[in-house]
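A short write-up of the structure that comes next.
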Amino acid sequence: MADEEKTTTDAAAPTDAASTNGAAQPQQMPQMQVLGQFIRDLSFENIAVQKGQAMEGQPDINVQVGLEAKKRTTEGQYEVAVKLNVTAKVKGGTDPIFALELDYAGVFQIANVPDNQMHPYLMIECPRMLFPFLRRIVSDVSRDGGFPPLNLENIDFVALYRNELTRRVQAEAAQVKPS
């Protein structure tokens, strides 16, 4: 224990010396720890079999992604969920052959992220950590549901975040606009 305290004190000494010389204090790197991951909700419907339809050819796959983040009561802990809604239709058809809905969440301990950067961090970095596990679940469920495994393409969470910001700004502008 005493050695740990000494190490901590020694590590802080150069920072104090640098700040007295007028140099900027170095920023600490963001730290993220995944405390847990879980399926919040999962639904798979094999609609083609229920209706007695045969699937021919490659299906058209439509994937919709939603993100949700909230602060937990414990300091520095956040829960982030990726919500997927996947539908597959026969090319040129209108009736879905299967539908998959998945809410996959993680609990994260986050430190050293400035408040003004926390929202993008939660909506970009945390979903990136969850995505490989979510992808495996989708692949397994579609395969177990009687279809070839659905291997999702990588999701650009930065673009998704920017698109959502743009949509919100446009929605706010439309509400403020006098009629």
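Just so you know, all these numbers are worked out from the coordinates, no wet-lab data involved. Because the structure is predicted, anything quoted here is derived from the model rather than measured. Note that each Cβ is placed from the backbone with ideal geometry, even for glycine, and that neighbours are counted across all protein chains shown.
By the scheme Lys and Arg +1, Asp and Glu -1, what is the net charge of all other residues having a beta-carbon under 14 Å from that of residue 157? Walk me through the numbers before you get to the answer.
Numbers: positive: 83, 128, 135, 162; negative: 68, 125, 153, 156, 164.
Charge balance near residue 157 sits at -1.
Given labels modelled 7 Å from the Cα in the Cβ direction, how far is it in nm from residue 35 to residue 136?
Placing both labels 7 Å beyond Cα along the Cβ direction yields 2.3 nm.
Number of Lys-Lys pairs in region 28-169 under 26 Å by Cα, sequence gap 8 or more or different chains?
Within region 28-169, the lysine pair count is 5.
Between residue 171 and residue 158, what is 0.36 nm times their sequence separation minus the Cα-Cα distance? Round to one decimal in nm. Please list the in-between numbers first.
Values: separation 13, 0.36 × 13 = 4.68 nm, distance 2.00 nm.
The residue 171-residue 158 span can extend by a further 2.7 nm.
Hey, could you get me the Stokes-Einstein D for region 28-169, Kirkwood radius over alpha-carbon pairs, 10 °C and 1.306 mPa s, rounded to whole µm² s⁻¹?
Numbers: Rh = 16.6 Å.
Stokes-Einstein gives a translational diffusion coefficient of 96 µm²/s.
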